[in-house]
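Structure first, then comments.
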Amino acid sequence: MNRNLASTLVILASASLGFPASPIAQVGASAPASAKAVNTVPGMPEVRDPSNLYSEVGANKFSPAAAGALERVYVPNRVDNTVTVIDPATLKVIETFKVGVNPQHVVPAWDLRTLWVANNAEGRTDGSLTPIDPFTGKHGKSIPVDDPYNMYFSPDGASAIVVAEAYKRLDFRDPKTMKLQYSIPTPDCDGLNHADFSIDGRYALFTCEFNGSITKIDLVIRRVLGTIKLSKYFDKAAPVGAGASRARVSKSAGKASGPSGGEVCTTKGMPQDVRASPDGKTYYIADMMSDGVHVVDGESFKQIGFIPTGIGAHGLYPSRDGKLLYVANRGSNRIHGKRGGKGSVSVIDFASRAVVKTWPIPGGGSPDMGNVSADGSQLWLSGRFDDVVYRIDTASGAVDKIKVGREPHGLTVWPQPGRYSLGHTGNLR
């Protein structure tokens, strides 16, 4: 029997028994014979191509679990406590509905059957998660959850990982009921924020926005392995002598170790989004204060590079073919910036680690968080300080703008290709 046909029959049989279709039920080709197989954690789907962990999120490569989902863009408006729904075919707003307090991100569930709105209620104690049914577009009753600034999922799908930023901890919860399973404290990570996962699912890197760091979490033994400072001057030794010139210094200056053990003064960074390289060996970390992207080796957990991009580097999104990385430069180094900033999108070539294109936002803007369309032809980003959403043509850089609510943040485009979701606005694999 044809392998794909057999998989389809399994899915149909499961559905007839009342079970949801599995997002990983579709069986494709195994890893190339020349590539060494990846030994993943138990329960995690196999890595089909060890040289490209984005192989299963190629253009329109949908899981059966996403079949029938409405084509929509869901935009959380942080100040209005609403979600705006856009029809991507017409660029029209078709609905806006209320959610919890301060919605930050719209997060696809591991099984691709639910979208979760993370309402962290900044400075309050009434944080919540609001479920959205992507097949009907209807939202359900919010579930009380401590400070869900962002949310990810363990690679095996057993836990939702709520990023409780204000409490400096990761709360592992039942992915359906959101009942607390256990927590991992991250005391050295001030501003616990965004993440990406190792190719084998054994660890994750989380950014620490307010102390310019990144922390490594072992998901097997459930503890922090280490935290390192990030700096655009990571490879510069300390200046010697009273007359030596100093690196860039500001009122918020911090210190970074040089290769010889010296120190060089640098502007304090604010790392944001994280994405792994296609081979899973290195991690790219956007930094809105350093105006670029840090590069960190995952195994040694050392910074090995820095790529200047644009003012306020913030969101990171790989192209559907896994060759390029789109960097949303928010146009401001401020947490609350002004309208019409020098926002842009930089395009990094993974192979060369070089910026190959830059697309300014016409008239200025503030591109923040979002994702790539299913076919890869469009990049959708929220305009954080301009109360708009940008649709950017990934071939030409041409920009369309759609008016939404106040301070839109982590929008998601749905459906997206992939077998399962690791969270955020659609970190699928």
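The values are calculated or read from the model by the stated rules, or taken from the named source; none is laboratory data. None of these values were measured; they are calculated from a predicted model. Cβ atoms come from the backbone with ideal geometry, glycine included; neighbour counts cover every protein chain shown. Just the protein is used for accessible areas: all its heavy atoms, side chains included, with ligands, DNA and RNA removed. Shrake-Rupley method; radii C 1.70, N 1.55, O 1.52, S 1.80 Å.
Among the listed residues 47, 79, 41, which satisfies the condition of being over 18 Å from residue 136 (Cα atoms), modelled with pLDDT of 95 or more and open to solvent by 40 Å² or more (accessible area, probe 1.4 Å)? Lay out the reasoning, then the answer.
Working: 47 fails: open to solvent by 40 Å² or more (accessible area, probe 1.4 Å); 41 fails: open to solvent by 40 Å² or more (accessible area, probe 1.4 Å).
Going through 47, 79, 41 in turn, just one is over 18 Å from residue 136 (Cα atoms), modelled with pLDDT of 95 or more and open to solvent by 40 Å² or more (accessible area, probe 1.4 Å): 79.
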Answer yes or no: is there a residue in the stretch 122-135 that is in a loop (DSSP other than H, G, I, E, B), at positive phi, open to solvent by 50 Å² or more (accessible area, probe 1.4 Å) and not acidic (Asp, Glu). yes
Can you work out which of the residues in the stretch 189-210 that are open to solvent by 10 Å² or more (accessible area, probe 1.4 Å) and either in contact with a Lys or Arg (Cβ under 8 Å, 6 or more places away or on another chain) or among the β-branched types (Val, Ile, Thr) (or both) is farthest from residue 169 (Cα to Cα)? 199
Selection within the stretch 136-152 - farther than 24 Å from residue 221 by Cβ and in a loop (DSSP other than H, G, I, E, B): 136, 137, 138, 140, 141, 142, 145, 147
Given the criterion in a loop (DSSP other than H, G, I, E, B) and modelled with pLDDT under 95, identify the matching residue among 69, 89, 33. 33
Collect the residues in the stretch 289-328 that are closer than 15 Å to residue 206 by Cα, open to solvent by 10 Å² or more (accessible area, probe 1.4 Å) and not aromatic (Phe, Trp, Tyr), keeping them in residue-number order. 297, 299, 302, 303
For residues in the stretch 389-403 being among the hydrophobic types (A, V, I, L, M, F, W, C) and open to solvent by less than 20 Å² (accessible area, probe 1.4 Å), which is nearest to residue 63 (Cα to Cα)? 392
Every residue from the stretch 353-376 that is open to solvent by less than 20 Å² (accessible area, probe 1.4 Å) and either aromatic (Phe, Trp, Tyr) or in a strand (DSSP E or B) (or both): 365, 367, 368, 369, 370, 371, 372
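Suppose we keep only residues that are assigned to a loop (DSSP other than H, G, I, E, B) and among the hydroxyl-bearing types (Ser, Thr, Tyr) within the stretch 52-66. Which one would you say is nearest to residue 427 (Cα to Cα)? Explain how you work it out, then say what you get.
Filtering the stretch 52-66 down to residues assigned to a loop (DSSP other than H, G, I, E, B) leaves 52-54, 58-61, 63.
After this cut, where a residue has to be among the hydroxyl-bearing types (Ser, Thr, Tyr) as well, the list is 54, 63.
Working: 54: 10, 63: 14 Å.
So the residue we want is 54.
Go through the stretch 82-105 residue by residue and tally those that are open to solvent by 50 Å² or more (accessible area, probe 1.4 Å) and under 18 Å from the mean Cα position of the chain (by Cα).
Here is the first cut: in the stretch 82-105, the residues open to solvent by 50 Å² or more (accessible area, probe 1.4 Å) are 89-90, 92-96, 98.
Imposing the further condition that a residue be under 18 Å from the mean Cα position of the chain (by Cα) reduces the set to none.
Qualifying residue count, the stretch 82-105: 0.
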Exactly one condition in (1) touching a residue at least 40 places away in the same chain (Cβ under 8 Å); (2) open to solvent by 10 Å² or more (accessible area, probe 1.4 Å); (3) part of a strand (DSSP E or B) is false for residue 74; which is it? (2)
